[in-house]
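To start, the structure under review is shown below, and the notes come after it.
The values are calculated or read from the model by the stated rules, or taken from the named source; none is laboratory data. Predicted model only: the values in this text are computed from it and were never measured. Backbone-built Cβ (ideal geometry, glycine too); neighbour counts: all protein chains shown.
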Amino acid sequence: MADAPLRAALLGAGMISQFHLRAWMAAGVPVVAVCDPLRDRAEAKAREFNIPRVYTDPALLFADGGFELADIAASVDAHAPLTRMAAEHGVHVLLQKPMTRTVAEAEALIDAVGARVRFMVHENYRFRPHYQTVRRWIAEGRIGRPRHAAMAVRGSGLCPRPGAEPFLLERQPYLKGFRRNLVFETMIHHLDVLRLLVGPLQVVAARLNRLAEGLPGEDTATILLEGPDGLIASADGCICAPGYPPLHGDRLEILGTEATLVMDYNRIFLVGREGEAEEVDLLGRYQECFDTTMAAFLRGVRDGTPFETDRLDNLETLRLMEAVYRAAGMEIMQ
(Lines give C-alpha, C1' and ligand atoms only; values in the text may rest on other atoms or scores of the structure.)
Protein backbone atom coordinates (compact mmCIF):
# COMPACT_ATOMS: atom_id res chain seq x y z
CA MET A 1 0.00 0.00 0.00
CA ALA A 2 3.05 2.24 -0.31
CA ASP A 3 1.55 4.50 -2.97
CA ALA A 4 -2.16 4.08 -2.35
CA PRO A 5 -4.04 6.97 -0.71
CA LEU A 6 -5.30 6.16 2.79
CA ARG A 7 -8.49 7.35 4.48
CA ALA A 8 -9.57 6.79 8.07
CA ALA A 9 -12.79 6.43 10.04
CA LEU A 10 -12.97 7.24 13.74
CA LEU A 11 -15.09 5.01 15.99
CA GLY A 12 -15.63 6.69 19.35
CA ALA A 13 -15.97 10.46 19.74
CA GLY A 14 -15.21 10.86 23.43
CA MET A 15 -12.75 13.16 25.17
CA ILE A 16 -9.59 11.46 23.86
CA SER A 17 -10.77 11.53 20.23
CA GLN A 18 -9.73 15.15 19.73
CA PHE A 19 -6.09 14.14 20.06
CA HIS A 20 -6.58 11.30 17.58
CA LEU A 21 -8.18 13.64 15.06
CA ARG A 22 -5.41 16.21 15.39
CA ALA A 23 -2.88 13.44 14.78
CA TRP A 24 -4.64 12.34 11.58
CA MET A 25 -4.58 15.94 10.40
CA ALA A 26 -0.86 16.19 11.15
CA ALA A 27 -0.28 12.97 9.18
CA GLY A 28 -2.22 14.29 6.19
CA VAL A 29 -4.74 11.43 6.29
CA PRO A 30 -8.37 12.50 5.82
CA VAL A 31 -10.90 11.23 8.35
CA VAL A 32 -13.98 10.64 6.22
CA ALA A 33 -16.42 9.41 8.88
CA VAL A 34 -17.01 9.44 12.62
CA CYS A 35 -19.19 6.96 14.52
CA ASP A 36 -20.44 7.16 18.10
CA PRO A 37 -23.58 5.87 19.84
CA LEU A 38 -24.27 9.46 20.92
CA ARG A 39 -25.11 11.30 17.72
CA ASP A 40 -24.67 14.77 19.24
CA ARG A 41 -21.14 13.88 20.25
CA ALA A 42 -20.28 12.51 16.80
CA GLU A 43 -21.79 15.55 15.08
CA ALA A 44 -19.80 17.91 17.31
CA LYS A 45 -16.54 16.23 16.28
CA ALA A 46 -17.63 16.22 12.64
CA ARG A 47 -18.25 19.98 12.73
CA GLU A 48 -15.02 20.71 14.54
CA PHE A 49 -12.83 18.64 12.22
CA ASN A 50 -14.81 18.96 8.97
CA ILE A 51 -15.68 15.25 8.78
CA PRO A 52 -18.31 14.64 6.07
CA ARG A 53 -20.10 11.52 7.39
CA VAL A 54 -21.64 10.83 10.79
CA TYR A 55 -22.94 7.46 12.09
CA THR A 56 -24.32 5.95 15.26
CA ASP A 57 -24.36 2.39 13.87
CA PRO A 58 -20.92 0.92 13.05
CA ALA A 59 -22.48 -1.74 10.81
CA LEU A 60 -23.78 1.01 8.52
CA LEU A 61 -20.40 2.75 8.63
CA PHE A 62 -18.56 -0.35 7.45
CA ALA A 63 -21.27 -1.20 4.92
CA ASP A 64 -20.85 2.23 3.31
CA GLY A 65 -17.05 1.88 3.39
CA GLY A 66 -14.80 4.37 1.66
CA PHE A 67 -11.88 4.08 4.10
CA GLU A 68 -8.90 1.76 4.64
CA LEU A 69 -8.13 2.49 8.31
CA ALA A 70 -10.28 2.20 11.44
CA ASP A 71 -9.21 4.23 14.48
CA ILE A 72 -11.12 2.56 17.31
CA ALA A 73 -11.24 4.93 20.29
CA ALA A 74 -14.48 3.55 21.74
CA SER A 75 -15.03 2.13 25.23
CA VAL A 76 -13.28 -1.13 26.03
CA ASP A 77 -16.31 -3.40 25.67
CA ALA A 78 -16.73 -2.23 22.08
CA HIS A 79 -13.11 -3.01 21.14
CA ALA A 80 -13.49 -6.66 20.17
CA PRO A 81 -16.73 -6.41 18.14
CA LEU A 82 -15.55 -3.31 16.28
CA THR A 83 -12.15 -4.85 15.50
CA ARG A 84 -13.81 -8.02 14.19
CA MET A 85 -16.13 -5.90 12.05
CA ALA A 86 -13.17 -4.00 10.60
CA ALA A 87 -11.32 -7.23 9.79
CA GLU A 88 -14.40 -8.64 8.05
CA HIS A 89 -14.37 -5.58 5.78
CA GLY A 90 -10.61 -5.65 5.13
CA VAL A 91 -9.97 -2.45 7.10
CA HIS A 92 -6.72 -2.07 9.05
CA VAL A 93 -7.11 -1.42 12.79
CA LEU A 94 -5.58 0.98 15.26
CA LEU A 95 -7.15 -0.02 18.58
CA GLN A 96 -7.11 2.04 21.76
CA LYS A 97 -5.59 0.32 24.79
CA PRO A 98 -6.41 -1.92 26.55
CA MET A 99 -7.30 -4.36 23.80
CA THR A 100 -10.02 -6.03 25.88
CA ARG A 101 -10.96 -6.50 29.52
CA THR A 102 -9.16 -9.86 29.80
CA VAL A 103 -6.26 -11.77 28.29
CA ALA A 104 -8.60 -14.55 27.18
CA GLU A 105 -10.74 -12.07 25.22
CA ALA A 106 -7.62 -10.55 23.65
CA GLU A 107 -6.28 -13.95 22.60
CA ALA A 108 -9.64 -14.83 21.03
CA LEU A 109 -9.70 -11.49 19.19
CA ILE A 110 -6.17 -11.93 17.85
CA ASP A 111 -7.04 -15.43 16.61
CA ALA A 112 -10.23 -14.16 14.97
CA VAL A 113 -8.49 -11.32 13.12
CA GLY A 114 -5.48 -13.43 12.12
CA ALA A 115 -3.48 -11.90 9.27
CA ARG A 116 -6.47 -10.53 7.35
CA VAL A 117 -5.61 -6.92 8.24
CA ARG A 118 -2.85 -5.02 10.03
CA PHE A 119 -3.64 -4.65 13.74
CA MET A 120 -1.82 -2.22 16.07
CA VAL A 121 -2.68 -1.19 19.62
CA HIS A 122 -2.73 2.54 20.43
CA GLU A 123 -0.37 2.34 23.42
CA ASN A 124 1.04 5.84 23.25
CA TYR A 125 2.85 6.23 26.58
CA ARG A 126 6.06 4.76 25.25
CA PHE A 127 5.93 7.51 22.60
CA ARG A 128 5.59 10.35 25.13
CA PRO A 129 8.61 12.68 24.83
CA HIS A 130 9.95 12.26 28.39
CA TYR A 131 9.91 8.47 28.08
CA GLN A 132 11.41 8.73 24.61
CA THR A 133 14.27 10.70 26.19
CA VAL A 134 14.78 7.99 28.84
CA ARG A 135 14.74 5.35 26.13
CA ARG A 136 17.29 7.26 24.06
CA TRP A 137 19.65 7.72 27.00
CA ILE A 138 19.56 3.99 27.76
CA ALA A 139 20.12 3.14 24.08
CA GLU A 140 23.11 5.51 24.05
CA GLY A 141 24.68 3.50 26.88
CA ARG A 142 24.64 6.34 29.40
CA ILE A 143 23.79 4.06 32.34
CA GLY A 144 25.16 0.76 31.09
CA ARG A 145 22.92 -2.26 31.58
CA PRO A 146 19.73 -1.61 33.63
CA ARG A 147 19.73 -3.62 36.87
CA HIS A 148 16.97 -2.10 39.00
CA ALA A 149 13.95 0.13 38.32
CA ALA A 150 11.41 1.97 40.46
CA MET A 151 8.34 3.78 39.11
CA ALA A 152 6.08 6.10 41.13
CA VAL A 153 2.77 7.51 39.86
CA ARG A 154 1.00 10.26 41.80
CA GLY A 155 -2.11 12.35 41.20
CA SER A 156 -5.06 13.83 43.08
CA GLY A 157 -7.68 13.12 40.44
CA LEU A 158 -9.92 11.15 42.82
CA CYS A 159 -9.50 13.45 45.83
CA PRO A 160 -12.70 15.19 47.02
CA ARG A 161 -13.35 18.72 45.73
CA PRO A 162 -15.64 21.20 47.50
CA GLY A 163 -18.87 21.58 45.54
CA ALA A 164 -17.74 19.33 42.69
CA GLU A 165 -17.04 15.73 41.81
CA PRO A 166 -13.44 14.53 41.87
CA PHE A 167 -11.61 15.63 38.73
CA LEU A 168 -11.28 12.17 37.18
CA LEU A 169 -14.96 11.32 37.70
CA GLU A 170 -15.96 14.55 35.98
CA ARG A 171 -13.56 13.75 33.13
CA GLN A 172 -14.22 9.98 32.94
CA PRO A 173 -17.64 9.28 34.53
CA TYR A 174 -17.54 5.59 33.54
CA LEU A 175 -15.02 5.05 36.36
CA LYS A 176 -17.95 5.15 38.80
CA GLY A 177 -18.87 1.63 37.71
CA PHE A 178 -15.45 0.12 36.99
CA ARG A 179 -14.30 -2.65 39.34
CA ARG A 180 -10.81 -2.12 37.92
CA ASN A 181 -9.45 1.38 37.91
CA LEU A 182 -5.84 2.44 38.47
CA VAL A 183 -4.00 -0.60 37.09
CA PHE A 184 -6.44 -1.32 34.24
CA GLU A 185 -6.93 2.29 33.14
CA THR A 186 -3.64 4.02 33.96
CA MET A 187 -0.80 1.87 35.22
CA ILE A 188 -1.10 -0.51 32.28
CA HIS A 189 0.82 2.30 30.52
CA HIS A 190 3.56 2.17 33.13
CA LEU A 191 3.83 -1.60 32.97
CA ASP A 192 4.27 -1.27 29.21
CA VAL A 193 6.97 1.38 29.61
CA LEU A 194 8.85 -0.67 32.20
CA ARG A 195 8.96 -3.77 30.02
CA LEU A 196 10.06 -1.62 27.08
CA LEU A 197 12.93 -0.05 29.04
CA VAL A 198 14.27 -2.97 31.09
CA GLY A 199 13.07 -6.08 29.23
CA PRO A 200 10.56 -8.88 29.94
CA LEU A 201 8.95 -8.77 33.38
CA GLN A 202 6.89 -11.03 35.61
CA VAL A 203 4.68 -9.98 38.53
CA VAL A 204 5.94 -11.29 41.88
CA ALA A 205 3.45 -9.61 44.22
CA ALA A 206 0.85 -6.84 44.26
CA ARG A 207 -1.34 -5.02 46.74
CA LEU A 208 -4.31 -2.81 45.82
CA ASN A 209 -6.32 -0.34 47.90
CA ARG A 210 -9.21 2.12 47.67
CA LEU A 211 -8.65 5.49 49.33
CA ALA A 212 -11.49 7.31 47.54
CA GLU A 213 -14.96 6.69 48.96
CA GLY A 214 -17.84 5.12 47.06
CA LEU A 215 -15.93 3.71 44.08
CA PRO A 216 -15.63 -0.01 43.27
CA GLY A 217 -12.18 0.15 41.64
CA GLU A 218 -8.74 0.54 43.18
CA ASP A 219 -6.98 3.91 43.20
CA THR A 220 -3.77 2.78 44.89
CA ALA A 221 -1.37 -0.01 43.90
CA THR A 222 2.06 -1.34 44.74
CA ILE A 223 3.51 -3.90 42.33
CA LEU A 224 6.73 -5.91 42.59
CA LEU A 225 8.18 -7.39 39.39
CA GLU A 226 11.27 -9.33 38.36
CA GLY A 227 13.17 -9.48 35.09
CA PRO A 228 16.25 -11.03 33.48
CA ASP A 229 19.50 -11.56 35.43
CA GLY A 230 17.92 -10.83 38.81
CA LEU A 231 16.52 -7.42 37.86
CA ILE A 232 13.88 -6.14 40.29
CA ALA A 233 11.34 -3.48 39.36
CA SER A 234 8.56 -1.80 41.30
CA ALA A 235 5.58 0.28 40.26
CA ASP A 236 3.77 2.24 42.96
CA GLY A 237 0.75 4.40 42.14
CA CYS A 238 -1.95 6.50 43.76
CA ILE A 239 -4.48 8.82 42.11
CA CYS A 240 -6.02 9.88 45.43
CA ALA A 241 -2.89 11.64 46.70
CA PRO A 242 -3.60 15.08 48.25
CA GLY A 243 -1.43 17.93 47.07
CA TYR A 244 -0.51 16.43 43.70
CA PRO A 245 -1.93 17.73 40.38
CA PRO A 246 -5.26 16.19 39.24
CA LEU A 247 -3.56 14.63 36.23
CA HIS A 248 -0.95 12.21 37.51
CA GLY A 249 2.78 12.68 37.07
CA ASP A 250 5.50 10.04 37.07
CA ARG A 251 8.88 9.54 38.67
CA LEU A 252 11.20 6.82 37.38
CA GLU A 253 14.61 5.73 38.63
CA ILE A 254 16.72 3.17 36.77
CA LEU A 255 19.97 1.93 38.26
CA GLY A 256 22.46 0.73 35.68
CA THR A 257 25.92 -0.79 35.76
CA GLU A 258 27.49 2.62 34.99
CA ALA A 259 25.10 5.29 36.27
CA THR A 260 21.65 5.98 37.74
CA LEU A 261 19.01 7.71 35.61
CA VAL A 262 16.14 9.67 37.14
CA MET A 263 13.06 10.99 35.37
CA ASP A 264 11.36 13.32 37.83
CA TYR A 265 8.11 14.37 36.16
CA ASN A 266 9.54 16.40 33.26
CA ARG A 267 13.26 16.39 34.12
CA ILE A 268 15.65 13.61 33.07
CA PHE A 269 19.13 13.48 34.58
CA LEU A 270 21.92 11.23 35.81
CA VAL A 271 22.46 11.21 39.57
CA GLY A 272 25.50 13.35 40.32
CA ARG A 273 25.08 15.25 37.04
CA GLU A 274 21.81 17.04 37.77
CA GLY A 275 23.08 20.23 36.14
CA GLU A 276 22.95 18.48 32.76
CA ALA A 277 19.25 17.57 33.04
CA GLU A 278 16.99 17.65 30.00
CA GLU A 279 13.55 19.17 30.56
CA VAL A 280 10.44 18.32 28.55
CA ASP A 281 7.40 20.56 28.19
CA LEU A 282 4.87 17.82 28.92
CA LEU A 283 1.73 19.91 28.46
CA GLY A 284 3.05 21.72 25.40
CA ARG A 285 4.11 18.43 23.81
CA TYR A 286 1.18 16.28 24.92
CA GLN A 287 -0.17 15.95 21.38
CA GLU A 288 3.20 14.61 20.21
CA CYS A 289 2.68 11.07 21.47
CA PHE A 290 -0.55 10.78 19.46
CA ASP A 291 1.15 12.17 16.36
CA THR A 292 4.02 9.71 16.77
CA THR A 293 1.65 6.78 17.30
CA MET A 294 -0.35 7.58 14.15
CA ALA A 295 2.86 8.02 12.15
CA ALA A 296 4.10 4.60 13.32
CA PHE A 297 0.78 2.99 12.37
CA LEU A 298 0.81 4.55 8.91
CA ARG A 299 4.44 3.58 8.34
CA GLY A 300 3.67 -0.05 9.18
CA VAL A 301 0.58 -0.15 6.95
CA ARG A 302 2.29 1.49 4.00
CA ASP A 303 5.60 -0.38 4.23
CA GLY A 304 4.34 -3.71 5.56
CA THR A 305 6.80 -3.44 8.46
CA PRO A 306 6.14 -4.63 12.04
CA PHE A 307 4.40 -2.35 14.51
CA GLU A 308 6.26 -1.62 17.74
CA THR A 309 2.97 -1.97 19.63
CA ASP A 310 1.74 -4.90 17.58
CA ARG A 311 -1.17 -6.87 19.01
CA LEU A 312 1.16 -9.67 20.13
CA ASP A 313 3.56 -7.29 21.87
CA ASN A 314 0.69 -5.53 23.61
CA LEU A 315 -0.71 -8.88 24.69
CA GLU A 316 2.35 -9.20 26.95
CA THR A 317 1.44 -5.91 28.63
CA LEU A 318 -2.15 -7.10 29.07
CA ARG A 319 -0.83 -10.28 30.67
CA LEU A 320 1.18 -8.22 33.16
CA MET A 321 -1.89 -6.15 34.00
CA GLU A 322 -4.00 -9.24 34.61
CA ALA A 323 -1.21 -10.83 36.65
CA VAL A 324 -1.31 -7.81 38.99
CA TYR A 325 -4.97 -8.41 39.81
CA ARG A 326 -4.36 -12.11 40.24
CA ALA A 327 -1.42 -11.48 42.58
CA ALA A 328 -3.58 -9.08 44.59
CA GLY A 329 -6.24 -11.77 45.01
CA MET A 330 -8.79 -10.10 42.73
CA GLU A 331 -10.91 -12.36 40.57
CA ILE A 332 -10.35 -11.96 36.83
CA MET A 333 -13.44 -10.57 35.08
CA GLN A 334 -15.04 -12.78 32.46
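Some notes on this structure:
- Scanning the range 49-90 for residues that are charged (D, E, K, R), within 21 Å of MET294 (Cα to Cα) and part of a helix (DSSP H, G or I) yields a single hit, ARG84.
- The set of residues in the range 222-253 that are surrounded by fewer than 16 Cβ atoms within 10 Å (Cβ to Cβ), charged (D, E, K, R) and either over 19 Å from VAL204 (Cα atoms) or at pLDDT 95 or above (or both) comprises GLU226, ARG251.
- Comparison of LEU175, LEU182, LEU168 shows that the only residue that is modelled with pLDDT of 95 or more, assigned by TED's automatic domain parsing to the domain that holds ASP219 and within 18 Å of the chain's Cα centre (by Cα) is LEU182.
- Filtering the range 30-47 to residues that are assigned to a loop (DSSP other than H, G, I, E, B) and in contact with a Lys or Arg (Cβ under 7 Å, 6 or more places away or on another chain) leaves only PRO30.
- Count of the range 1-60 residues which are modelled with pLDDT of 95 or more, over 24 Å from the mean Cα position of the chain (by Cα) and not hydrophobic (A, V, I, L, M, F, W, C): 11
- Number of the condition not met by PHE19 [criteria: (1) closer than 12 Å to THR56 by Cα; (2) surrounded by 15 or more Cβ atoms within 10 Å (Cβ to Cβ)]: (1)
- Residue within the range 132-145 that is in contact with a His (Cβ under 9 Å, 6 or more places away or on another chain) and of a type in the set (Ser, Thr, Tyr) present: no
- Looking only at the range 52-79, and only at residues there that are aliphatic (A, V, I, L, M) and surrounded by fewer than 21 Cβ atoms within 10 Å (Cβ to Cβ), the one that is farthest from LEU109 (Cα to Cα): VAL54
- The range 112-137 residues that are at pLDDT 95 or above and in a strand (DSSP E or B), paired with ones that are surrounded by fewer than 24 Cβ atoms within 10 Å (Cβ to Cβ) and of a type in the set (A, V, I, L, M) (beta carbon under 6 Å, 6 or more apart): PHE119/VAL113
- Set ASP219, ASP291: member being out of contact with any Phe, Trp or Tyr (no Cβ under 9 Å at 6 or more places or on another chain) and crowded, with 16+ Cβ neighbours inside 10 Å: ASP219
- Residues of the range 251-260 satisfying the condition of being aliphatic (A, V, I, L, M) and over 15 Å from VAL193 (Cα atoms): LEU255, ALA259
- The number of residues in the range 158-174 that are over 23 Å from LEU318 (Cβ atoms) and assigned to a loop (DSSP other than H, G, I, E, B) comes to 7.
- Exactly one residue among LEU201, LEU175 is touching a residue at least 40 places away in the same chain (Cβ under 8 Å), farther than 21 Å from LEU252 by Cβ and crowded, with 18+ Cβ neighbours inside 10 Å, and that residue is LEU175.
- Meets criteria (surrounded by fewer than 21 Cβ atoms within 10 Å (Cβ to Cβ), within 25 Å of ASN266 (Cα to Cα) and modelled with pLDDT of 95 or more) for ARG147: yes
- Given (1) closer than 19 Å to THR305 by Cβ; (2) within 18 Å of the chain's Cα centre (by Cα); (3) among the charged types (D, E, K, R), number of the condition ARG116 does not satisfy: (2)
- Entry remark, the range 268-284: residues being surrounded by 15 or more Cβ atoms within 10 Å (Cβ to Cβ) and in contact (Cβ under 8 Å) with a residue 12 or more places away in the chain number 5 in total.
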